[in-house]
1. From the list Lys344, Lys300, Lys351, which one is outside any helix (DSSP H, G or I) and either open to solvent by 10 Å² or more (accessible area, probe 1.4 Å) or on the phi < 0 side of the Ramachandran plot (or both)?
2. Is the stretch 67-89 home to any residue that is open to solvent by less than 20 Å² (accessible area, probe 1.4 Å) and hydroxyl-bearing (Ser, Thr, Tyr)?
3. Tell me whether the stretch 262-278 contains one or more residues that are without any contact (Cβ under 8 Å) to a residue 40 or more places away in the chain, open to solvent by less than 10 Å² (accessible area, probe 1.4 Å) and farther than 23 Å from Thr87 by Cα.
4. Being open to solvent by less than 80 Å² (accessible area, probe 1.4 Å), under 30 Å from Val358 (Cα atoms) and more than 16 Å from ligand 2 (Cβ to nearest atom) narrows it down to one of Leu140, Leu113, so name that one.
5. Within the stretch 171-186, identify whether any single residue is open to solvent by 50 Å² or more (accessible area, probe 1.4 Å), closer than 25 Å to Asp141 by Cβ, more than 23 Å from the chain's Cα centre (by Cα) and not acidic (Asp, Glu), and answer yes or no.
6. Would the stretch 240-251 turn up any residue that is aliphatic (A, V, I, L, M), more than 16 Å from ligand 1 (Cβ to nearest atom), outside any helix (DSSP H, G or I) and more than 24 Å from Phe80 (Cα to Cα)?
7. Filtering the stretch 201-218 down to residues that are of a type outside the set (Asp, Glu) and assigned to a helix (DSSP H, G or I), which residue is farthest from Phe266 (Cα to Cα)?
Amino acid sequence: MVSREKIELAKERFGQLLEEQLKRVENMKAQGDFIDYKSLDQIIIGVCGGDGIGPAITAQAERVLKYLLKDDVASGRIVFRNIEGLTIERRAEENAAIPPAVLEEIKKCHVILKGPTTTPRKGDPWPNVESANVAMRKELDLFANVRPVRIPEQGIDWTFYRENTEGAYAVGSKGIHVTEDLGVDFTVVTSQGTERIIRAAFEFAKANGKTRVTAVTKANIIKTTDGKFLDIFREIAKEYPDITADDWYIDIMTAKLVDEKRRKDFQVVVLPNLYGDIITDEAAEFQGGVGTAGSANIGKKYAMFEAIHGSAPRMVLEGRDKYADPCSMIRAGAMLLSHIGYNKEAEQLYKALDICTVSEKKLVITGRDTGATGEEFADYLMETIEAMNN
Ligand code: IPM
Ligand code: MG
């Protein structure tokens, strides 16, 4: 084929992508307000174990949540529902990021507690299906990926608001090989998608007494999309005169997070998808690693809570899944509790986590048989909560 024809083909594919994205804009415009959980008689929590160490650590988080919510589980206000099938085997079999029947079940729940799922990459035995997390974020329109990192003894209390449906991820699996030599990926920013994440970050800051919101982009180079993100940030910041709004480029921000004198000053950070992906791993590392960090994926209708790390298949191969640290999933569970209005229970859980992982630390998880199992750790946590309440 001559290159002119290849270009025509690529243009056609590009046109389809633009149509899909414009449809998404229309959907965003038509979207209602955030769901009010307080008004619900019943809240259904769907639990997907995922792959690798996922089922092991998710089971421990579920136990802890059931313990904290036991009265409301007994009364029927809270229902835990196990959702089978969000596994790499089933996804491979159906060649789907999320098997349609599983997605249907997920959509019948209000919130989802989700263990890590395997993301296939080239060379894996699996078909190269899209990541299940990314697909779920898109399908349920979970636009705000909220990732807190707290290290009280170092004065660090950060909350990252990572945009979760756009940027490099929006059509990340739909780039175009124009010719054998030329590959093109796309990054997408919309006014609606940017406004809602930036507003969510400022609203969080306002509701939680935070005095600073920082935007992170690379708008000096990626002028159209990051430029748009930053312009909208500056516009919306004017509506919050009591909050200091500043912006940094991703490269220097990455450096500043290791600057012990300056990093304490950051509070709420709002950023496009890929920068958020990268910097939240870096931030979690200071807190003790990605195994310690939970993550909330929040949309107006649904919300999903997960660990920020992967499924660690090697740990399972080596028979170590029961030693995997469930703290990431338990922290995700704490975020779930406060999201659906159980703030008192969430606070108890955070407090107990501080006791069990920082101040008292009677059990230590090492990821191997030199440390405690996830189950033993969850028992310790529940005993600690029990003792706090007596
Ligand atoms: C995360 C993960 C995911 C992402 C992967 C597993 C698809 O790294 O939640 O940060 O890139 O968003
Ligand atoms: Mg990541």
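The values are calculated or read from the model by the stated rules, or taken from the named source; none is laboratory data. Bear in mind the structure is a predicted one, so any value in this text is a computation, not a measurement. Virtual Cβ from ideal backbone geometry, glycine too; neighbours counted across all protein chains shown. Remember, those area values only see protein heavy atoms, side chains included, never the ligands or the DNA or RNA. Shrake-Rupley method; radii C 1.70, N 1.55, O 1.52, S 1.80 Å.
1. Just one listed residue meets the conditions, Lys300.
2. no
3. no
4. Leu113
5. Checked the stretch 171-186: no residue is open to solvent by 50 Å² or more (accessible area, probe 1.4 Å), closer than 25 Å to Asp141 by Cβ, more than 23 Å from the chain's Cα centre (by Cα) and not acidic (Asp, Glu).
6. The answer is yes; a qualifying residue exists.
7. Only one residue fits best here, namely Ala207.
Residue-by-condition table, conditions (1) in a strand (DSSP E or B); (2) of a type in the set (D, E, K, R); (3) within 15 Å of ligand 1 (Cβ to nearest atom):
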| site | (1), (2), (3) |
| --- | --- |
| Arg81 | yes, yes, no |
| Leu86 | no, no, yes |
| Ile98 | no, no, yes |
| Asn133 | no, no, yes |
| Arg137 | no, yes, yes |
| Arg162 | yes, yes, yes |
